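The values are calculated or read from the model by the stated rules, or taken from the named source; none is laboratory data. Just so it is clear, the structure is predicted and the values come from calculations on it, not from any experiment. Glycine gets a Cβ as well: all are built from the backbone with ideal geometry, and neighbour counts include every protein chain shown.
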Amino acid sequence: MNRIEKEQFLDWLLEEENPSVRYFTLRAILGLAQDDERVLAARRAIMQSEPVSRILALQDPAGWWNNAQSMSLPMYLGTVWQLMLLAELGADGSDERIRRAIDLVFQDLQSAEGSFPHEGERFAKQYAMDLICNDAMIAYGLAGLGVGTQDERMQRTVSFLTAVVNSGDYACRFNKGAECAWGVVKMLRVLSLISEGERNENLRQAIKRGAEYLLSHELVKADFPHKEGGKISEHWFRLGFPRSYQSDLLQTAFVLTALGYGKDERLQPTITFLRDKQLPEGGWALDATWNKMIVPVTKPSKGKPDKWISWQAFYVLQESGQIQ
């Protein structure tokens, strides 16, 4: 991508019709500070944008969505799912309505150890790694909305995830006892949101251990141990946003890049995979999204450039040195 193409591509990402992508482009790709006026203006526009304003309009005054008795059910439509989506959209977590929902999730769902056990009876957690994707997705929604480790509730969750990563035991009984790379990616995604100044030695060790686990495998071949008779999920190779319990190569590369591994030679085959997925028009297509949303945000782009996927892929390529 030459200089003119790069400028045109960034102009496309920075268009005002999608303030969320504009915000993430300003922050992650251009490196502007959180208090830069262009960043603040994009954040204000996000809160006024149709998906965010409509999601908040559907919230019960008490703070929940769709089900007062369960924070996570129904799937995709319950309270935690709206917080995840708001975080993915870059919503301002200081909004009073969002804070009310955050408090409800901590109050009704968080365990004493800091996990967020699945509320469905058949998915009861017996071991820490069981459905860790669920714990980490909820934690990402909370952290992405600005709940930091200065909040004792989030500190417990981060400590729980840190301990699971550092244990090195990544087997999930819902994966028939096989290791779950998706879960490792999801946990690292949460830890990547913790600023350098807030990371203690245990957390830094967890980041290193989790990243080394992922990079010790050929990511583009997904050569992780999997359940007997099982096969590699096609989700791993499909670029999706937002991602549910699955992870894919883009999300994995993005997380590792955000943690400082963008130029690690072991990540380069994945970088090549992403580069090869680039469309002739210059962007990347969105292959997968949630099965349902209370407010439609994305849909597969059917081979056409999609801003949600494109800004993330561009970030990975830029930080890896593939784009100057």
Going by the structure shown, is His235 assigned to a helix (DSSP H, G or I), out of contact with any Leu (no Cβ under 9 Å at 6 or more places or on another chain), farther than 26 Å from Ser195 by Cβ and in contact (Cβ under 8 Å) with a residue 24 or more places away in the chain?
-> yes
Check on Trp65, over 19 Å from the mean Cα position of the chain (by Cα), farther than 20 Å from Trp311 by Cβ and at pLDDT 95 or above = yes
Of the conditions (1) crowded, with 18+ Cβ neighbours inside 10 Å; (2) under 30 Å from Asp169 (Cβ atoms); (3) out of contact with any helix residue (DSSP H, G or I) (no Cβ under 6 Å at 6 or more places or on another chain); (4) modelled with pLDDT of 95 or more, Gln107 clears all except one; give me its number.
-> (1)
Val39 fails exactly one of the following numbered conditions: (1) in contact with a helix residue (DSSP H, G or I) (Cβ under 8 Å, 6 or more places away or on another chain); (2) in contact (Cβ under 8 Å) with a residue 24 or more places away in the chain; (3) within 27 Å of Lys186 (Cβ to Cβ). What is the number of that condition?
-> (2)
Which of the residues belonging to segment 40-97 are among the small types (Gly, Ala, Ser) and in contact with a Gly (Cβ under 7 Å, 6 or more places away or on another chain)?
-> Ser70, Ser72, Ala87, Gly93, Ser94
For segment 81-133, how many residues meet the condition of being within 28 Å of Val52 (Cα to Cα) and in contact with a strand residue (DSSP E or B) (Cβ under 9 Å, 6 or more places away or on another chain)?
-> 0
Of the residues that sit in segment 173-227 and are under 19 Å from Phe254 (Cβ atoms) and in contact with a His (Cβ under 8 Å, 6 or more places away or on another chain), which one is surrounded by the most Cβ atoms within 10 Å (Cβ to Cβ)?
-> Ala181
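Yes/no per residue for (1) outside the structural domain of Leu193 (by TED's automatic domain parsing); (2) outside any loop (DSSP other than H, G, I, E, B); (3) at pLDDT 95 or above; (4) not basic (Lys, Arg):
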position: Ala211; (1), (2), (3), (4): no, yes, yes, yes
position: Asp223; (1), (2), (3), (4): no, no, no, yes
position: Leu250; (1), (2), (3), (4): yes, yes, yes, yes
position: Gly260; (1), (2), (3), (4): yes, yes, yes, yes
position: Arg266; (1), (2), (3), (4): yes, yes, yes, no
position: Ile271; (1), (2), (3), (4): yes, yes, yes, yes
position: Pro280; (1), (2), (3), (4): yes, no, no, yes
position: Trp308; (1), (2), (3), (4): yes, yes, yes, yes
Take the residues of segment 283-311 that are among the hydroxyl-bearing types (Ser, Thr, Tyr) and out of contact with any strand residue (DSSP E or B) (no Cβ under 8 Å at 6 or more places or on another chain): which is nearest to Val52 (Cα to Cα)?
-> Thr298
Given the conditions (1) under 21 Å from the mean Cα position of the chain (by Cα); (2) crowded, with 16+ Cβ neighbours inside 10 Å; (3) aliphatic (A, V, I, L, M), and given that Leu30 satisfies all but one, which numbered condition is not satisfied?
-> (2)
Applying the selection to segment 253-304, what residues are among the polar types (S, T, N, Q), more than 21 Å from Glu319 (Cβ to Cβ) and surrounded by fewer than 15 Cβ atoms within 10 Å (Cβ to Cβ)?
-> Asn291
Out of segment 113-127, which residues are surrounded by fewer than 16 Cβ atoms within 10 Å (Cβ to Cβ) and in contact (Cβ under 8 Å) with a residue 12 or more places away in the chain?
-> Glu113, Gly120, Phe123, Gln126, Tyr127
When segment 110-124 is checked residue by residue, the ones that are under 18 Å from Cys180 (Cα atoms) and touching a Lys or Arg at 6+ places or on another chain (Cβ under 9 Å) are Ser115, Pro117, His118
Under 7 Å by Cβ, and 6 or more places apart or on different chains, what pairs join a residue from segment 57-68 that is within 13 Å of Asp103 (Cα to Cα) and not assigned by TED's automatic domain parsing to the domain that holds Ile294 with one that is of a type in the set (Phe, Trp, Tyr) and at pLDDT 95 or above?
-> none
